[in-house]
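Right, one structure below, let's go through it.
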Amino acid sequence: MAEKPQQPFRLRRPGGEADASRVFNAPGIVMLIAGLTLAAFILMVVFPSRTAGVIELAAAVIPGRFTAGPGANNGVLSMISPLIAHMFVHASIVHLLFNLLWLLAFGTPLARRMGAAGALQSSAAFAASSMFLTFYLLSGVAGALFFILLHPKEFTLLVGASGGVSGLLGGLVRFAFNRSTIFGPDAAKFSPLLSQPVLLWTGFMLALNNPIAAQLMKPMAGGADIAWEAHLGGFFFGLLLYPFFERAARGFR
């Protein structure tokens with residue numbers, strides 16, 4: 001069992017005093033992603049329904065369309081662009097708000113730990129913000145690819161930032177639920193994949209994201225299908241690869 005910390009945990013500015021008032025303030029890169037996601041939703045509401053429908057169809061990940069190859073998608077760019085574009089399109093206001101909530105909750109500690117706060121004040125923080133953005137987007141890509149892998153011939157639409165948000169949770173699990181990595185002297189270390197907090201949260205994600213759980217939670221989603229496959233794809237990407245992105249971000253300091 002980890003020893004009780006001698007001092008309460010407080011965030012510190014690099015080379016400066018603790019700034020406890022900013023613990024719950026999201027870094028700029030997190031707010032930028034949230035703002036772009038919200039703006040995209042507002043535009044889809046403002047646009048005429050036919051225009052919005054065309055945009056949604058173009059941005060959505062459609063497994064059958066993707067696996068048909070570049071020839072059926074008017075080129076490679078049109079085939080792969082939905083892997084990222086789908087993260088900024090949401091089916092409903094509830095869908096959007098849930099993803100924004102978890103984006104802020106999971107993204108804030110990750111971005112701060114990577115050194116992404118104050119991106120406009122230092123080149124190191126700007127580079128770390130770029131690394132955070134890359135990690136978030138690739139988590140969404142991983143979720144989409146896993147969805148495609150399990151439904152290669154289906155023409156169902158996948159939209160939403162859930163894969164990216166799940167990737168943030170996967171990264172968070174590598175350090176935030178182990179007191180020794182938060183409060184101890186080895187703050188830069190990560191919880192091993194077979195450690196108790198990692199296994200518990202992985203089990204929790206598997207329990208919530210499977211065909212049976214998706215059907216049980218469908219009424220809570222307003223009857224919409226829950227893309228549990230994208231959740232798992234993003235989560236495991238973050239769980240396995242977050243340390244690489246954090247070390248890369250720290251390398252800019």
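The values are calculated or read from the model by the stated rules, or taken from the named source; none is laboratory data. Here the structure is a predicted model, which is why all the values come from computation and not from measurement. Please note: Cβ atoms are built from the backbone with ideal geometry, for glycine as well, and neighbour counts cover all protein chains shown. Surface accessibility is based on the protein's heavy atoms, side chains included, excluding ligands, DNA and RNA. Shrake-Rupley method; radii C 1.70, N 1.55, O 1.52, S 1.80 Å.
Based on alpha carbons, the Rg and Dmax found for the stretch 84-242 are 16.1, 51 Å. Within the stretch 33-87, the percentage of alpha carbon pairs spaced more than 14 angstrom apart rounds to 57%. At a probe radius of 1.4 angstrom, the accessible area of the stretch 47-171 per residue rounds to 44 square angstrom. Taking a Cβ cut-off of under 15 Å around Phe235, the surrounding Lys, Arg, Asp and Glu residues balance to a net charge of 0, with basic ones at +1 and acidic ones at -1. Compared with the alpha-carbon gap, the fully stretched path from Phe204 to Ser78 is longer by 41.8 nm at 0.36 nm per residue.
The stretch between Ser123 and Arg250 holds 44.5 nm of extra length on full extension. This uses 0.36 nm per residue minus the Cα-Cα distance.
Taking only the Cα atoms of the stretch 27-155, the ratio Rg/Rh comes out at 1.02, with Rh defined as the Kirkwood radius.
Judged by the mean number of other Cβ atoms found within 10 Å, the most tightly packed of the peptides 57-70, 102-115, 200-213 leads the ranking 102-115, 57-70, 200-213. Label points 7 Å out from Cα along the Cβ direction at Ile55 and Ala105: separation in nm? Result: 2.8 nm between the two label points.
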